[in-house]
Amino acid sequence: MNTIDRRQFLITSLWSAAAVTTSTRVSRAEPVPKAPPNERLQVGCIGVGGRANYLVHAFAGLKEADVATICDIDSRRLASAENSVEKIQGRKPKSETDFRKLIEDSKIDALVVGTPDHWHAIPTLLGCQAGKDVYVEKPDGHNMEEGFRMVAAARKHKRIIQLGTQSRTSAHFQSALAYIRSGKLGRCLVAKSWESAKQGSIGRPPDSDPPAGVDYDTWLGPAPKRPFNARRFHGNWRWFFDYGTGDLGNDGVHRLDIARWALSTATEARGEPPLGLPSAICASGGKWYFDDMQEWPDTLQVTYEYAGNPGKILTYEMRIWSPYDYYGQEEGAVLYGDQGYIVIGNSRWQAFDPKHKVVAQGSGDNDGLTHIQNFVDCVKTRKRPNADLETVGHISSVLCHAGNISWRVGRKIFLDPATERFTNDEEANRLRTRPEYRKPWVLPEV
């Protein structure tokens, strides 16, 4: 396999494996048993490829949910998704190519937004206005302003919004946080998160015509009009300013969320206020390794400072070209205390004493099924979900957006947590949103 396709192969393989695993768990001679019709949530899924493919299968396999309608701008994907959902839940979903049909459908209770980053905010905002709850993939928006409005819409319309940071519900992460809550690590002032899984070049293929069956203009949505390019489309869109947030917003949001969660838990265990947004952000790095079309950095370090007495520091490190791990984990987080430290990976955690002896550990799945069930449960109870947008998901998303902004302006920036604006820095504030939203896809007011 050449290096141009390796990164896409890794991403596609991971998502395909997850979807197969989900289908296998719920597949049997007959469709999965379902709750009585009046107890089932009617779900509309926007996007059916990549990560969205996993979400479609997972929701179809829930006892208390039906995938009523699926939607994708790539009509080539719909027939396969229809058939696989029918095998799982016993009923074929409707198919649409315009997500607005799902929002207009009064029978749909909740939306599942598994689209690229630049298509997270608008469906979520319109869904909230239409009285629907939303499960949306991470980060919460393409930029800070989008996430800010999503929070405001959830609050105004009293909607349940769960961000797709599934670690918040996975049992082994919960057990790691319980250990931190015990206070055995002592006083904790620093947490670190990282990405070091080796990826590959995406190359520089020429522009071309969009594939037949693809509504490319709608796929672009609020982003500027540009010629079609295969590397700016399925799977690779995340590496471009117009559509994604780089690996910081792709995988980094998970790692930062865990590190922030750990540091905040240790802080609260000592009777101090929980961590909110940082007061200062400083990023350095660049696109130094891969000679390809990617616009976001492949090498990055970000430091987040939290003002207080005492202050706290959260750091993030990206090395997506290194063929080795860190603390035994390709991606993870570590929390440092004066009585020990804990390393938290995707499937296990280990706590160490000051002499690096393992004193506690745990392991488990992080497939996201319990996170999806948590959303469905909270839609019914109206309790905040584990990755509630306002109190959890948006805060971790802002870390990614602010880190990217600091990198783009090339300096340390200072954030006012109350307004989510940068102090005395108009250049940084301009990057809180797009220069322009391409009509008709303007960002809805709240």
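Among residues of the range 360-382 that are under 17 Å from Q329 (Cβ atoms), those with a beta-carbon under 7 Å from a residue that is among the polar types (S, T, N, Q) and assigned to a helix (DSSP H, G or I) at least six positions away or on a different chain give the pairs G362/S175; N366/Q166; N366/S167. Of all residues in the range 399-419 being in contact with a Gly (Cβ under 8 Å, 6 or more places away or on another chain) and surrounded by fewer than 24 Cβ atoms within 10 Å (Cβ to Cβ), which is modelled with the lowest pLDDT? Checked the range 399-419; the qualifying residue modelled with the lowest pLDDT is P417.
Condition check ((1) under 22 Å from I395 (Cβ atoms); (2) out of contact with any Phe, Trp or Tyr (no Cβ under 9 Å at 6 or more places or on another chain)) across all residues:
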{"site": "K101", "(1), (2)": "no, yes"}
{"site": "K107", "(1), (2)": "no, yes"}
{"site": "H118", "(1), (2)": "yes, no"}
{"site": "P123", "(1), (2)": "yes, no"}
{"site": "G131", "(1), (2)": "no, yes"}
{"site": "E137", "(1), (2)": "yes, yes"}
{"site": "G141", "(1), (2)": "yes, no"}
{"site": "Q162", "(1), (2)": "yes, no"}
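Of the residues making up the range 301-318, those that are farther than 12 Å from I281 by Cβ and under 22 Å from the mean Cα position of the chain (by Cα) are E317, M318. For the range 335-357, what are the residues that are part of a strand (DSSP E or B) and more than 12 Å from Y179 (Cβ to Cβ)? Matches in the range 335-357: Y336, R348. Count, please, the residues in the range 331-345 that happen to be in contact (Cβ under 8 Å) with a residue 40 or more places away in the chain and closer than 19 Å to S170 by Cα. Final tally of qualifying residues: 7.
With a requirement of 3 or more residues that are modelled with pLDDT of 95 or more, out of contact with any Ser or Thr (no Cβ under 7 Å at 6 or more places or on another chain) and buried (at least 22 other Cβ atoms within 10 Å of the Cβ), the helices (runs of 4 or more DSSP H) lying completely within the range 167-284 that satisfy it span 246-250, 252-269.
Regarding the range 46-64, can at least one residue be identified that is surrounded by 23 or more Cβ atoms within 10 Å (Cβ to Cβ) and either acidic (D, E) or assigned to a strand (DSSP E or B) (or both)? There is at least one residue in the range 46-64 that is surrounded by 23 or more Cβ atoms within 10 Å (Cβ to Cβ) and either acidic (D, E) or assigned to a strand (DSSP E or B) (or both).
The values are calculated or read from the model by the stated rules, or taken from the named source; none is laboratory data. Here the structure is a predicted model, which means the values were calculated and not measured. No Cβ is skipped: glycine too gets one built from the backbone with ideal geometry, and neighbour counts run over all protein chains shown.
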